[in-house]
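The values are calculated or read from the model by the stated rules, or taken from the named source; none is laboratory data. As the structure is a computational prediction, the values presented were derived from the model and not from experiment. Quick reminder, even Gly has a Cβ in these numbers, built from the backbone with ideal geometry, and neighbours come from all protein chains shown.
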């Protein structure tokens, strides 16, 4: 984990909770939805980082080019499924 990650993780967490803080409106249902949206955000952010990065792009979105994502299935890192599906379930 880098200094960037140590800063951005709590910042984005607060951004997703900002509306709740402004309105002083909180419930477990709302918290679950916010956390689900946050999980989906991180999956989309990671994927878009690769796709929009000139050093990668879709053509290099492969296990050989991205060694820090160790396990892949269906052409994507397993982390996307493990994080994204629960996030999607938490929203609905």
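Against the definition (over 19 Å from residue 91 (Cα atoms), modelled with pLDDT of 95 or more and under 10 Å from the mean Cα position of the chain (by Cα)), how does residue 47 come out, yes or no?
Spelling it out, residue 47 is indeed over 19 Å from residue 91 (Cα atoms), modelled with pLDDT of 95 or more and under 10 Å from the mean Cα position of the chain (by Cα).
Among the residues that make up segment 51-63, is at least one of them within 30 Å of residue 19 (Cα to Cα) and in contact with a strand residue (DSSP E or B) (Cβ under 8 Å, 6 or more places away or on another chain)?
So far as segment 51-63 goes, no, none of its residues is within 30 Å of residue 19 (Cα to Cα) and in contact with a strand residue (DSSP E or B) (Cβ under 8 Å, 6 or more places away or on another chain).
Need pairs with beta-carbon distance below 7 Å; first residue free of Cβ contacts under 8 Å to residues at least 24 places away in the same chain and within segment 5-24, second surrounded by 10 or more Cβ atoms within 10 Å (Cβ to Cβ); sequence gap 6+ or separate chains.
Within 7 Å, the pairs are 17/34; 20/26; 20/30; 20/34.
Which of the residues belonging to segment 11-33 are part of a loop (DSSP other than H, G, I, E, B) and either farther than 14 Å from residue 91 by Cα or at pLDDT below 90 (or both)?
Within segment 11-33, 24, 25, 26 meet the criteria.
Of 30, 40, which residue is in contact with a helix residue (DSSP H, G or I) (Cβ under 7 Å, 6 or more places away or on another chain) and farther than 18 Å from residue 83 by Cα?
Sole residue among the options that is in contact with a helix residue (DSSP H, G or I) (Cβ under 7 Å, 6 or more places away or on another chain) and farther than 18 Å from residue 83 by Cα: 30.
Mind checking whether some residue in segment 65-82 is touching a strand residue (DSSP E or B) at 6+ places or on another chain (Cβ under 6 Å) and surrounded by 13 or more Cβ atoms within 10 Å (Cβ to Cβ)?
yes
Look through segment 52-79, keep the residues that are within 21 Å of residue 9 (Cα to Cα) and assigned to a helix (DSSP H, G or I), and return whichever of them is nearest to the chain's Cα centre (by Cα).
Applying the filter and picking the extreme gives 79.
Mind checking whether some residue in segment 84-92 is surrounded by 15 or more Cβ atoms within 10 Å (Cβ to Cβ) and without any contact (Cβ under 8 Å) to a residue 40 or more places away in the chain?
no
Condition (residue is at negative phi and loosely packed, with under 11 Cβ neighbours inside 10 Å) applied to segment 29-42: is it met by at least one residue?
Step one: filter segment 29-42 for residues at negative phi, giving 29-42.
When the remaining residues are screened for being loosely packed, with under 11 Cβ neighbours inside 10 Å, the result is 29.
Scanning segment 29-42, I find at least one residue that is at negative phi and loosely packed, with under 11 Cβ neighbours inside 10 Å, so the answer is yes.
Let me spell it out: the conditions are (1) touching a strand residue (DSSP E or B) at 6+ places or on another chain (Cβ under 9 Å); (2) under 18 Å from residue 83 (Cβ atoms), and residue 16 meets all of them except one. Which number is the exception?
Condition not satisfied by residue 16: (1).
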